[in-house]
1. How much length is gained if the chain between W273 and F169 is pulled fully straight, taking 0.36 nm per residue apart and subtracting their Cα-Cα distance, in nm to one decimal?
2. Can you give the Kirkwood hydrodynamic radius for the range 160-211, in Å, rounded to one decimal and based on Cα pairs?
3. With viscosity set to 1.002 mPa s at 20 °C, what whole-number translational diffusion coefficient in µm²/s follows for the chain from Stokes-Einstein and a Kirkwood radius over Cα pairs?
4. L72 to L284: FRET efficiency via 1/(1 + (r/R0)^6), r the Cβ-Cβ distance, R0 22 Å, to the nearest 0.05?
5. Mind checking the angle between helix 37-54 and the chain's longest principal axis? C-alpha axes, 0 to 90 degrees, to the nearest 10.
6. Considering the convex hull of the alpha carbon atoms of the range 195-256, report its projected area averaged over all viewing directions, in nm², one decimal.
7. What per residue convex hull volume, in Å³, do the alpha-carbon atoms of the range 64-119 yield?
8. Choose one of G38, L155, M278: the residue whose Cα lies farthest towards the positive end of the charge dipole of the chain (beta-carbon charges +1 Lys, Arg; -1 Asp, Glu; about the Cα centre).
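Any read-out appearing in this document is the output of simple, stated calculations on the displayed coordinates, not a laboratory observation. This structure is a prediction, so every number in the text was calculated from the model and none was measured. Neighbour counts run over all protein chains shown; Cβ positions are idealised from the backbone, glycine included.
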Amino acid sequence: MTQTILNNLGTKVGNDDLSDRYPSPFKEFYQSFFANRGATIAFCFMLLVLIAAVFAPWIAPYDPITQYRDHLMQPPMWQAGGSAAFPLGTDEVGRDILSRLMYGGRLSLFIGFCAVVFALIPGAILGLLAAFYPRVIGIAVMRLMDIMMSMPTLLLAVAIMAVLGPGLFNAMIAIAIASLPGYVRLTRSSVMMELHRDYVTAARVGGAGTLRLMFFTVLPNCMAPLIVHMTMSFSSAILEIAALGFLGLGIQPPQPEWGTMLASAREYMERAWWIVTMPGLTILLSVVSINLIGDGLRDALDPRLKQAG
């Protein structure tokens, strides 16, 4: 009996040592990601932005399109003439800037996320086809991607928006199409590296079909670089949304959106700096935070960087 207890205790201690020495993949990812201080701070900031955007109808102090004519271009609360009723001031028609930033985050983040998803799915499929059939489909797909990459991303998005017209859904489609080449090229290069691995050869010998090899064998092992690229392209999508709104091709007034807020404040840069500074600063901090999160994901998901560390 005593020997059994000692054996069980030894087994438990041994398992604990093994779990400490070889942590679970999630625990290893968690520790690696949050060891990056910049990524941790950026994650906390973006979490606050996401909470403010999702719960804007309940936590925003005012309706984003309500105009308070007695408070036109009122400065922020810390400046002379400001009021705590409007912490970040009001715009040229008396709308609360803080409320508009919260509601604008809903549109900007939603469009950016949808644009990334709309680009990821066809980009991954085209990249898989180009890698598995390099002589026919691969040549056609890559030449098309080369043509698309010959144009600046924003210019291509503007051209697509000029054809489709302004609007929420059209903005998603335009940004997704403009960012498609990056996903196709990254997926193709990652898949071509994986095709020569032993596990792919074993799956072929085991009788796995082409579709199973594509989506269940190879693609899951290529998701780490794709996830990092998604994060980076998410920040680019936010910038492109803001640029389209600034040019009048994105979300149309009076709907609040960060780029549209910048466009409407162009004439008041000298008289009311806060009308332009607040949405511009929000875009800047959000994009920098997403890029830092992308760096943290790259460090946590790339095994070569872990070995180097």
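1. 34.3 nm
2. 13.9 Å
3. 96 µm²/s
4. 0.25
5. Result, in degrees: 60.
6. Taking a quarter of the hull surface, the average projection is 6.4 nm².
7. Once divided by residue count, the hull of the range 64-119 is 80 Å³.
8. Value computed over the given set: L155.
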